[in-house]
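Written out below as structure tokens is the structure these notes cover.
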Amino acid sequence: MIARLLCLLLTLVVASPVLAQEPCPARRNVDCAGAARAVDAAIAADPWLAVMDQAQRMRLEELLPLLGAESAAELVTQQAAWRRSLSANLFFHADGTLDAPNPRAALRSALEYRLMQLIRIEHDPSASVGGIWAGVQGEVMVEVLNAGRYRISAGTSDINNFAWTCGYEGEGESTRVEWLRTRDGALELRRVGVMLSVRMNMPQANGFCGAAGSLSGLFFRIGDVP
């Protein structure tokens, strides 16, 4: 059952016209496919990286059936985007091979950090908007204060080419646990399945981002605000 669900989700990801238009890391005359092959080869050649890679796949097999179809499909989409972004910190020869004899340093921290994120993802659809939420593009922290007040901080970035970053801090009020809008009108936060959907309202929020940047996106709960 799990294998069939994974196959279906991966098929949807491959077939999605939106994904086909997503940018990928451009690295010195190396296309996406060439960069992906070089990254895969580097991971396979190192036992520890291979273990981290396998642990991620095992965690996804465990997690996806618990999320619901929409949230599971989004996580598969984000995982594919993260995998493509691994070449962002690597450098290639024109033939697609890595120009460093040992790329472990650039890959190890990325694989370990992503595995910890996947392990921490929660799957309770009844949770409120409060908590720490992570997506492949960044994190959102929603701290519950009192009397329906919330403190919100968010940060996102371009994971492929580091062309922009976004940052935001503010407060909001709501009488509903699944939805809130910041006091300045910049952000709207809403629960969608087990995810938090963040919508950046323009033009209020355009001062928080670099050119073409956005705080909008879908995020998965990874814990409580300390």
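The values are calculated or read from the model by the stated rules, or taken from the named source; none is laboratory data. What you see is a predicted model; the values in this text were computed from it and never measured. For neighbour counting, all protein chains shown are included, and Cβ atoms are generated from backbone atoms with ideal geometry for every residue, glycine included.
Considering segment 166-226, the qualifying strands (runs of 3 or more DSSP E), each wholly inside and each with 2 or more residues that are within 19 Å of residue 136 (Cβ to Cβ) and out of contact with any helix residue (DSSP H, G or I) (no Cβ under 6 Å at 6 or more places or on another chain), run over 187-192, 195-200, 217-223. The single residue among 115, 98, 107 that is closer than 19 Å to residue 84 by Cα, at pLDDT 95 or above and of a type outside the set (Ser, Thr, Tyr) turns out to be 115.
Restricting attention to segment 110-137, the residues that are without any contact (Cβ under 8 Å) to a residue 40 or more places away in the chain and within 16 Å of the chain's Cα centre (by Cα) add up to 3. Quick one: in segment 137-157, of everything that is part of a loop (DSSP other than H, G, I, E, B) and at pLDDT 90 or above, which residue is farthest from residue 87 (Cα to Cα)? So, considering only residues that are part of a loop (DSSP other than H, G, I, E, B) and at pLDDT 90 or above, the one farthest from residue 87 (Cα to Cα) is 145. Cβ-Cβ contacts under 7 Å between residues 6 or more apart (or on different chains), taken from a first residue in segment 73-98 that is polar (S, T, N, Q) to a second residue that is modelled with pLDDT under 85 and crowded, with 19+ Cβ neighbours inside 10 Å, are listed as 85/25; 87/25; 87/27; 87/35; 97/38.
This table checks each residue for (1) at pLDDT 90 or above; (2) on the phi > 0 side of the Ramachandran plot; (3) over 14 Å from the mean Cα position of the chain (by Cα).
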| position | (1), (2), (3) |
| --- | --- |
| 161 | no, no, yes |
| 187 | yes, no, yes |
| 190 | yes, no, yes |
| 198 | yes, no, no |
| 201 | no, no, yes |
| 204 | no, no, yes |
| 211 | no, no, yes |
| 215 | yes, no, no |
